[in-house]
Amino acid sequence: AGVFLAKPFICYTPEDYELVTSVNTLGFFGITQRVVAQLLAQGGGGHIVNITTTLVEHAHSGVPSALTALTKGGLAAVTKSLAIEYAREGIRVNAISPGVIDTPMHAGVDAAAAYAGMHPQRRVGAIADVVHGALYLETAPFVTGEILHVDGGQSAGH
């Protein structure tokens, strides 16, 4: 789950902050804490994949995203922290950092027309692109603490 509100930093309201942090971080916290406890109760082993965003490392001047950077950046950091904390129990923790993906989050916007130029491949991603990334992480047992960019090259530069 994720919420994205593109507005200048000084225009965010306390309600915006509450919404974005409750979905982007509190949701992660409650679910992941329970999942890790269950994996440990079962004797360890397992895999958690978080979803962050390429905007964390590569802000875009045309897309103000301070609250997203704050919350999703926290998920990127905690992904690495949890990967180290639970590696000895066989629990792997990774994240996918997507660029713009054509999802209902962009309802009412022609995502391809509006955002394709943000990616060197000149297209927006499809949900299937993120799924392929998750499947790779799931089948790579020696990968933990990784932030996998699924962003058409956006994180590599322009």
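See the values below:
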{"item": "Residue satisfying condition, being small (Gly, Ala, Ser), crowded, with 16+ Cβ neighbours inside 10 Å, under 22 Å from ALA134 (Cα atoms) and touching a residue at least 24 places away in the same chain (Cβ under 8 Å), within set GLY45, GLY27, GLY74", "result": "GLY74"}
{"item": "GLY73 touching a strand residue (DSSP E or B) at 6+ places or on another chain (Cβ under 9 Å) and either in a loop (DSSP other than H, G, I, E, B) or within 23 Å of GLY152 (Cα to Cα) (or both)", "result": "no"}
{"item": "Residue that is modelled with the lowest pLDDT [pool: residues in segment 48-68 that are assigned to a loop (DSSP other than H, G, I, E, B) and surrounded by 17 or more Cβ atoms within 10 Å (Cβ to Cβ)]", "result": "HIS58"}
{"item": "Residues of segment 131-156 classified as touching a residue at least 60 places away in the same chain (Cβ under 8 Å) and either in a helix (DSSP H, G or I) or farther than 19 Å from LEU75 by Cβ (or both), total", "result": "5"}
{"item": "Of the criteria (1) farther than 22 Å from LEU5 by Cβ; (2) surrounded by fewer than 19 Cβ atoms within 10 Å (Cβ to Cβ); (3) modelled with pLDDT of 85 or more; (4) within 19 Å of the chain's Cα centre (by Cα), which one GLY157 fails", "result": "(3)"}
{"item": "Candidate set from segment 116-130 (those that are surrounded by fewer than 19 Cβ atoms within 10 Å (Cβ to Cβ) and outside any helix (DSSP H, G or I)); member that is modelled with the highest pLDDT", "result": "ALA126"}
{"item": "Index of the failed condition, ALA113 passing every other in (1) of a type in the set (A, V, I, L, M); (2) modelled with pLDDT of 80 or more; (3) surrounded by fewer than 21 Cβ atoms within 10 Å (Cβ to Cβ)", "result": "(2)"}
{"item": "Segment 6-24, subset surrounded by 12 or more Cβ atoms within 10 Å (Cβ to Cβ) and more than 16 Å from THR52 (Cβ to Cβ), residue farthest from the chain's Cα centre (by Cα)", "result": "TYR12"}
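The values are calculated or read from the model by the stated rules, or taken from the named source; none is laboratory data. Values in this document were obtained by computation on a predicted structure and should not be read as measured data. Here the Cβ is made from the backbone with ideal geometry for all residues, glycine too, and neighbour counts use every protein chain on show.
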